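Written out below as structure tokens is the structure these notes cover.
The values are calculated or read from the model by the stated rules, or taken from the named source; none is laboratory data. A quick note: this is a predicted structure, and the numbers were derived from the prediction, not measured. Cβ sites come from the backbone with ideal geometry, for glycine too, and all protein chains shown count toward neighbours. Just so you know, the surface numbers come from the protein's heavy atoms only, side chains and all, with ligands and any DNA or RNA stripped out. Shrake-Rupley method; radii C 1.70, N 1.55, O 1.52, S 1.80 Å.
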Amino acid sequence: MSIILQTERLLLREILDTDLEGMFALDNNPNVHRYLGKNPILTIDKSQEYINNIREQYVAHGIGRYAVILKETNQFIGWCGIKYITEPENGHVNFHEIGYRFIEDYWGKGYGYESAKAWLDYGFNTMNIKTIYASAHIDNKGSRHILGKLGMQTKNEFEWNKIPCIWFELENKTI
């Protein structure tokens, strides 16, 4: 059974091959990759590889990054979701991380918070995750604002792939 979440303005569903052009528009933009190592993708084939990888995560872990669709227009505007991380990061391994990425035209409209809040609620109330983690580039004020607004607590600074980051955690108070 696939997960579908809805908010007032957004539909959150699995990323599909039909999202290819939207994914390319997202990850081809240098501004989107400003805090991700400044390495935007250059070919649509790389977007397809990324979609394939995300879809493999659904099978392996039952969760992953999901398309964010604007209900009003049925437009793909980015992705958000909980990913199960199996590689070491900041002293953690095998943990759930919330993340999001949006097409630049949709920045500053509250979609990041709205979609991440829906996923946090799902992660805590449906998946019964004990702690959800996140990280953001130390200079990414927008992302850090969203994580703070979600109630995530800053824990420490660390370096990931030579990128200076801040680590966030939020504990499930209902478990």
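Close amide H contacts of Gln75 (hydrogens built in the peptide plane, cut-off under 5 Å, sequence separation of 5 or more or a different chain): Leu70. The phi torsions of the stretch 59-67, fed into the Karplus equation with coefficients 6.51, -1.76 and 1.60 and a -60° offset, translate into couplings of 5, 6, 10, x, 7, x, 7, 10, 5 Hz, rounded to whole numbers, with Gly and Pro shown as x.
Counted by Cβ distance under 9 Å from Trp167, the other residues give a net charge of -2, where Lys and Arg count +1 and Asp and Glu count -1. For Gly123, neighbours were defined as the other residues whose beta-carbon sits under 12 Å from its Cβ, and their charges (Lys and Arg +1, Asp and Glu -1) total 0. The gain in end-to-end length when the Lys83 to Thr174 segment is fully stretched comes to 30.7 nm, 0.36 nm per residue minus the alpha carbon separation.
Rolling a 1.4 Å probe over the heavy atoms of the protein chains gives the chain an accessible area of 55 Å² per residue.
Comparing Lys149, Lys162, Lys117 in a Gaussian network model of the chain (Cα springs below 10 Å), the most mobile by mean-square fluctuation is Lys162. Legend: calculated FRET efficiency, Asp139 to Leu11, from the Cβ-Cβ distance at R0 = 25 Å, rounded to 0.05, equals 0.20. In terms of its C-alpha gyration tensor, the stretch 73-175 comes out oblate, because a/c is 1.5 or above while a/b does not outweigh b/c. Taking amide hydrogens as placed 1.01 Å from N in the peptide plane, the amide H of Asn29 sits under 5 Å from that of no residue at least 5 positions away in sequence or on another chain. Put simply, the Cα atoms of the chain extend 38, 37, 32 Å along their principal axes, the longest span coming first. Contact order, relative form, for the chain: 18 percent (alpha carbon pairs under 8 Å, 6 or more residues apart, mean separation divided by residue count). Note on the chain: with a GNM built from Cα contacts shorter than 10 Å, the maximum mean-square fluctuation among Arg65, Arg34, Arg55 falls on Arg34. Averaging the Cα positions of each part gives two centres, and for the stretch 29-101 and the stretch 3-21 these lie 13 Å apart. Can you tell me which of Gly151, Gly64, Gly22 moves the most in a GNM of the chain? Springs connect C-alpha atoms under 10 Å apart. In this elastic network of the chain, the residue with the biggest mean-square fluctuation among Gly151, Gly64, Gly22 is Gly151.
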